[in-house]
1. (1) closer than 19 Å to ALA68 by Cα; (2) open to solvent by less than 50 Å² (accessible area, probe 1.4 Å); (3) of a type in the set (Phe, Trp, Tyr): which one isn't true of PHE20, the others all being true?
2. Of the residues in the stretch 44-58, how many are open to solvent by 30 Å² or more (accessible area, probe 1.4 Å) and at pLDDT 95 or above?
3. Restricting attention to the stretch 1-43, which residues are in a loop (DSSP other than H, G, I, E, B) and of a type in the set (A, V, I, L, M)?
4. Answer yes or no as to whether SER61 is modelled with pLDDT of 95 or more, loosely packed, with under 12 Cβ neighbours inside 10 Å and over 11 Å from the mean Cα position of the chain (by Cα).
5. In the stretch 29-43, which residues are closer than 22 Å to SER14 by Cβ and crowded, with 16+ Cβ neighbours inside 10 Å?
6. Taking the stretch 44-72 as the region of interest, how many residues are assigned to a loop (DSSP other than H, G, I, E, B) and either of a type in the set (Phe, Trp, Tyr) or closer than 13 Å to VAL8 by Cα (or both)?
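The values are calculated or read from the model by the stated rules, or taken from the named source; none is laboratory data. Given the structure is predicted, the values throughout are model-derived calculations rather than measurements. When we count neighbours, we look across all protein chains shown, and the Cβ atoms used for this are built from the backbone with ideal geometry, even at glycine. Ligands, DNA and RNA are excluded from the accessible area calculation, which covers all protein heavy atoms including side chains. Shrake-Rupley method; radii C 1.70, N 1.55, O 1.52, S 1.80 Å.
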Amino acid sequence: RAREVEAVGSFTSSELKSKFRAFKNKCTHCGSKENLTVDHITPLKLGGTNYIENIQPLCFSCNSRKGARFIG
């Protein structure tokens, strides 16, 4: 998706693993440890970047509900 919209930034798999570990491999919204996905805190569609600072773990369910909105 980030390449599709030509978003600025990138992150490595090592950075992503570290980010998820920092959140104890839990969804930042509901705390689930199941079906975690990469979520852009400020959605790419709303001008968010693809830098690791804009990434958080969300479970598939929370990520689907969030869509292209900012939920803070």
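1. The number of the failed condition is (1).
2. Matching residues across the stretch 44-58 total 2.
3. ALA2, VAL5, ALA7, VAL8, ILE41
4. Spelling it out, it is not the case that SER61 is modelled with pLDDT of 95 or more, loosely packed, with under 12 Cβ neighbours inside 10 Å and over 11 Å from the mean Cα position of the chain (by Cα).
5. Once the filter is applied, which keeps residues that are closer than 22 Å to SER14 by Cβ and crowded, with 16+ Cβ neighbours inside 10 Å, the stretch 29-43 yields LEU36, VAL38, ASP39, HIS40, ILE41.
6. 6
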